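These notes concern the structure reproduced below.
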Amino acid sequence: MCTILGIETSCDETSAAVLEGRVVRSSVVASQVDLHAQWGGVVPEAAARQHVERLNPILQQALDTAGVGWVDIDGIAVTNRPGLVGALVVGLAAAKALAFALNRPFVGVHHLEGHLYSAFLETPDAPIPFPHLALIVSGGHTELVLARGHGDYLLLGQTLDDAVGEAFDKTARLLGLGYPGGPEIDRRARLGDPTAFRFPRAKVGGWNFSYSGLKTAVRREVERLRADDALDEMTINHLCASFQQAAIEPLIHNTLEAARALGVGVVTVVGGVAANSALQQQMRAACHEAGLTLFIPPPRYCTDNAAMIALAGYFRLAAGQRDDYDLDAYANAPLADSHL
């Protein structure tokens with residue numbers, strides 16, 4: 001059984017995990033939300049400094065929780081793309097140092113590939129079903145990907161402007177709900193009426209997405225309500241519910257349409273926005289009606305974590321893949337660059 005150490009520092013979570021084969025033995029995540037909340041978003045330099053301070057203790061905690069020592073590690077997987085370069089470099093430097101000191105192989109992992117595998121962290125005894133359709137939804141990404149095999153991905157659709165998670169955060173900021181905005185909009189939306197405001201659902205070519213128009217529509221409605229002194233707490237709840245419904249409907253529609261067109265029977269929803277309760281509920285209902293099998297990670301694996309990086313690395317290492325010490329970090333890198 002191969003024991004893999006995973007390291008994730010692509011944005012504002014410092015994380016380390018130990019997997020024995022596909023079984024998660026430990027998963028430690030130190031969030032920087034409280035630090036960045038004062039600025040209303042992630043400050044790259046501050047994030048990198050926090051990673052430097054926190055990574056060594058987090059690594060040791062991951063090993064202690066898993067009940068293993070450094071000599072028990074068979075390989076190392078680390079996020080090296082995409083993300084905040086300063087933050088990525090911290091984790092990548094640590095992975096290289098450990099690989100050299102322990103004389104163990106290491107691999108760089110695409111952050112979105114990690115998210116793809118997060119859907120299967122709770123199913124270590126079952127084979128990962130291929131092909132499957134993956135909806136990746138987060139603060140920086142909105143992509144529809146056909147996973148045809150390990151490392152074999154086809155991009156079917158993506159946002160043409162803003163990511164859905166970014167739209168959640170910007171809308172929350174507009175409404176004064178703090179950072180991160182997604183969880184608070186989700187909470188307030190449960191108290192509101194999703195039909196109270198009719199916000200646009202962008203219709204763009206193929207299975208692509210667009211959220212800039214929705215953000216603009218919400219901003220204009222908020223400005224109108226403020227001018228009329230009508231932006232009370234219940235109205236904010238209605239705005240959250242209406243915005244959230246407009247945001248998730250295209251996600252569900254495009255995913256199911258692609259699944260039908262391609263004859264794919266398995267769907268996954270991954271990334272931070274996958275934790276949204278309305279998206280989960282409505283996607284489950286839609287997939288059930290369409291006869292599709294749906295996998296969504298538990299909330300702890302929806303946000304950035306090293307367990308998903310370790311699992312992606314496990315399959316790369318098992319296939320004999322290795323990276324050299326000149327491996328670099330990249331702010332932008334496509335997971336898949338081809339379309340049907």
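Projecting the Cα atoms of LEU317, ASN208, ALA16 onto the charge dipole of the chain, computed from C-beta unit charges around the Cα centre, puts ASN208 farthest toward the positive end.
Each of PHE130 and ARG148 was given a label point 7 Å from its Cα along the Cα-to-Cβ line. The distance between the two points is 1.0 nm. Working from Cα pairs under 8 Å separated by at least six residues, relative contact order for the stretch 132-296 is 27 percent.
If you plug the beta carbon distance of ALA333 and ARG226 into 1/(1 + (r/R0)^6) with R0 = 45 Å, you get a FRET efficiency near 0.65. Computed from label points 7 Å out along Cα-Cβ, the spacing between ALA97 and ARG49 is 1.9 nm. The relative contact order of the stretch 137-203, computed from alpha carbon pairs under 8 Å that lie at least 6 residues apart in sequence, is 23 percent. Of all beta bridges that DSSP places with both ends in the stretch 132-296, some 60 percent have antiparallel geometry. For the chain, the 222 nm mean residue ellipticity estimated from helices alone, with every DSSP H stretch of n ≥ 4 adding -39500 (n - 2.57) and the total spread over all residues, rounds to -14500 deg cm²/dmol. Length gained on full extension, TYR325 to GLU233, computed as 0.36 nm times the residue gap minus the Cα-Cα distance: 27.7 nm. For the chain, the longest principal axis of the Cα atoms and the long axis of helix 212-227 meet at an angle of about 50 degrees. In sequence order, the stretch 51-68 has phi-based couplings of 4, 4, 6, 9, 5, 4, x, 5, 4, 5, 4, 5, 5, 4, 5, 6, x, 10 Hz under the Karplus curve 6.51 cos²θ - 1.76 cosθ + 1.60, θ = phi - 60°, and Gly or Pro positions carry x. Distant-in-sequence amide contacts of ALA77, defined by a placed amide H-H separation under 5 Å and a gap of 5 or more residues or a different chain, comprise LEU5, GLY6, ILE7, VAL107. For the chain, relative contact order (Cα pairs under 8 Å, six or more residues apart, normalised by length) works out to 25 percent. Taking a straight Cα-Cα cut-off under 19 Å and skipping sequence neighbours fewer than 8 places away in the same chain, the aspartates and glutamates within cross-link reach of LYS215 are GLU143, ASP161, ASP162, GLU166, ASP169, GLU184, ASP186, ASP193, GLU223, GLU249.
In terms of its C-alpha gyration tensor, the stretch 116-230 has a prolate overall shape, because the principal axis ratio a/c (a ≥ b ≥ c, square roots of the eigenvalues) is not below 1.5 and a/b outweighs b/c. Looking at the stretch 77-166, the DSSP beta bridges with both ends there are about 75 percent antiparallel. Under 1.5 on a/c is rounded, so check that first for the stretch 32-71, then, if it is not, pick prolate when a/b is larger than b/c and oblate when it is not; a ≥ b ≥ c are the square roots of the alpha carbon gyration tensor eigenvalues. Taking the square roots of the gyration eigenvalues as a ≥ b ≥ c, the stretch 32-71 is prolate.
The packing ranking of peptides 241-251, 42-52, 262-272, highest mean first, is 241-251, 262-272, 42-52, where packing means the average number of other beta carbon atoms within 10 angstrom of each residue. Counted over the chain, the DSSP beta bridges are approximately 60% antiparallel.
Taking N as the residue count of the stretch 132-296, its C-alpha radius of gyration divided by 2.2 N^0.38 Å amounts to 1.04. For the stretch 34-155, the square roots a ≥ b ≥ c of the C-alpha gyration tensor eigenvalues yield an a/c of 1.5 or more together with a/b not exceeding b/c, which makes the shape oblate.
A short reminder: the numbers here are calculations on the coordinates, not readings from a lab. The structure displayed is predicted, hence computed values, not measured ones. As a convention, Cβ positions derive from the backbone with ideal geometry for all residues, glycine included, and neighbour counts pool all protein chains shown.
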